[in-house]
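Below is one structure, written out as structure tokens; comments come after it.
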Amino acid sequence: MKQNFFQYQAQTTPHPLAMEISHAKGSYIYNTKNKAYLDFVAGVSACPLGHNHPKVLNAIKEQLDKYMHVMVYGEYIQKPAIDLSKLLAKKLPESLDKTYLTNSGTEAVEGALKLAKRATGRSEIIAANKGYHGNTMGSMSVMGFEERKQAFRPLLPDVKFIDFNSEKDLSQITEKTACIILETIQGGAGFIEPKNEYLHKVRQRCNETGTLLILDEIQPGIGRTGKLFGFEHYNCIPDILVTGKALGGGMPIGAFTASSKLMDLLMDNPKLGHITTFGGHPVIAASALATLKEITESDLMEQALEKEKLIRKLLTHPLIKEIRGKGLMLAIITDSAKIANALILNSQDQGLILFWLLFEQKAVRITPPLTISNDEIIKGCSVIIGVLNSIQQ
Ligand SMILES: Cc1ncc(COP(=O)(O)O)c(C=O)c1O
């Protein structure tokens, strides 16, 4: 398989981890030699219930037996997409009551940006330095990391960048600004939480200027931080909420949610304001619905906060400078990219999956499935400490 992977499948780094996968179950991924790897990454936060969760599998199988794709987005009435959108509305503040389902996170971001322009009639967009929102042209335009976008310019015009957590920079939001897009907790930047009521202050400035606030919850959303959505920690409700990753329970999805009043603009002037063939796909919506039900009906969110405490207690070591993040969205901050690389690669050799963050090379991601057990946490953390000891020598 490895030779064909390099020969036929497009690569985006010269050094992919290139693990040959056989199957996955619970908190483990197995390679073709049947070696078990404990998963501390969960497909980069996209597998909140671990691998092949029985309730998710059943929902997918039941839907497969009924129908798959039957029509483009929004024309036919299909139960999985309706039930999913309705459950999201039930779990969100009243002002976020209508959802558009997409195929990926970046596509949901595109839809959200378009909606903000359409609703305000303004073109200026504000985003944050080191923010990440996806890799299509619009999302990349609001990515705050020049090195990775230079080659693809020109991108969207009229995009300004501010520093996340800088209250002073909020004066850049004006009556000209259609929207500001922020991650609730910055992911690629190194799991940076909003501080000193920052998001509340952003909300107030948006209210003053008639600017729409888009919060990207593609990483923190769907229970990972101990609440269903990260913004619930920070005294701030967005105008448009973007979700993805974990929502699909291991299937490809994205979603943007806003008030009916805003969302209904997509059907008028022009009509078909955002279209997609596969968005709201019945099998994927069934998987997402089963996932969202399990997360909201179980105590997995409370457990996430307890598991955070356990991880923080176990991961003390001179090479760990800090552990950032909330719940099961955690990052080990080391002194150098060299230490972070060694930790990730040596842990993989010892059967523990860790991963990098996009823009912070000294960081190591710990985003296990929410279903991970305490024993599995203890096992994984002891691998981390062992590897750090060997690096230190
Ligand atoms: C915060 C954030 N926004 C958007 C995206 C893009 O989502 P997708 O890869 O599904 O297009 C990601 C993906 O990593 C993300 O972390």
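For a test of understanding, tell me how many lysine pairs in segment 96-234 have Cα atoms under 15 Å apart, given they are 8 or more places apart or on different chains.
9
Once a ≥ b ≥ c are taken as the square roots of the eigenvalues of the Cα gyration tensor of segment 253-393, is the result rounded (a/c under 1.5), prolate (a/b larger than b/c) or oblate (a/b not larger than b/c)?
prolate
Determine the per residue accessible area of the chain with all protein chains present and a 1.4 angstrom probe, expressed in square angstrom.
45
If you find the alpha carbon centre of segment 37-69 and of segment 1-20, how far apart are they in angstrom?
Their Cα centres are 24 Å away from one another.
Shape of segment 156-205 from its Cα gyration tensor (a ≥ b ≥ c, root eigenvalues): rounded if a/c is under 1.5, otherwise prolate when a/b > b/c, or oblate?
Cα axes put segment 156-205 in the oblate bin.
If a/c stays under 1.5 just call it rounded; otherwise compare a/b with b/c (prolate if a/b is bigger, oblate if not). Do that for segment 1-44, with a ≥ b ≥ c from the square roots of the Cα gyration tensor eigenvalues.
Numbers: a/c = 2.85, a/b = 1.62, b/c = 1.75.
Oblate.
Using Cα-only point scatterers and the Debye equation, what is log10 of I(q)/I(0) for the chain at each q in 0.11, 0.12 Å⁻¹, rounded to two decimals?
The computed values of log10 I(q)/I(0) come out as -0.80, -0.96.
In whole percent, what relative contact order does segment 95-166 give with Cα contacts below 8 Å and a gap of six or more residues?
30
If you take the charge dipole of the chain about its Cα centre, with +1 on Lys and Arg Cβ and -1 on Asp and Glu Cβ, which of 154, 257, 332 is farthest toward its positive end?
Farthest towards the positive end: 332.
Return the Cα extents of segment 70-185 along principal axes one, two and three, sorted largest first, each rounded to a whole Å.
In descending order, the Cα extents are 44, 33, 28 Å.
Name the residue, out of 232, 147, 124, whose mean-square fluctuation peaks in a Gaussian network model built on the chain with Cα pairs under 10 Å.
The residue that fluctuates most here is 147.
State the number of lysine pairs found in segment 266-350 whose Cα atoms come within less than 15 Å, restricting to pairs 8 or more positions apart or on distinct chains.
Here the count comes out as 5.
Could you identify which residue out of 261, 307, 326 has the top mean-square fluctuation in a GNM of the chain using Cα springs shorter than 10 Å?
Highest fluctuation among the options: 261.
Please list 3J(HN,Hα) in residue order for segment 176-184, calculated via the Karplus relation 6.51 cos²θ - 1.76 cosθ + 1.60 where θ = phi - 60°; whole Hz, with x for glycine and proline.
Karplus values, whole Hz, x for Gly and Pro: 8, 8, 5, 7, 10, 10, 9, 7, 4.
Between 121, 111, 74, find the one with the highest GNM mean-square fluctuation for the chain; connect C-alpha pairs within less than 10 Å.
Comparing 121, 111, 74 in the GNM, the peak value goes to 121.
For segment 1-81, which semi-axes, largest first and in whole Å, follow from the square roots of 5 times the eigenvalues of its Cα gyration tensor?
Each semi-axis is the square root of five times an eigenvalue, giving 31, 19, 13 Å.
Once you keep just the Cα pairs under 8 angstrom separated by 6 or more residues, what percentage relative contact order results for the chain?
Normalised by residue count, the contact order of the chain is 22 percent.
Using the Cα centre of the chain as the reference point, and only Cβ charges (+1 on K/R, -1 on D/E), how large is the resulting charge dipole? Debye, rounded to the nearest 20.
Roughly 380 debye for the chain.
Considering only C-alpha atoms, what is the centroid distance from segment 271-328 to segment 132-189, in Å?
24
When the accessible area of segment 207-297 is split by element with a 1.4 Å probe, what percent falls to carbon and sulfur?
54
The values are calculated or read from the model by the stated rules, or taken from the named source; none is laboratory data. None of these values were measured; they are calculated from a predicted model. Using ideal geometry, Cβ is built from the backbone for each residue, glycine included, and neighbour counts are taken over all protein chains shown. When the accessible area is computed, the model is the full protein with side chains, heavy atoms only, and any ligands, DNA or RNA have been set aside. Shrake-Rupley method; radii C 1.70, N 1.55, O 1.52, S 1.80 Å.
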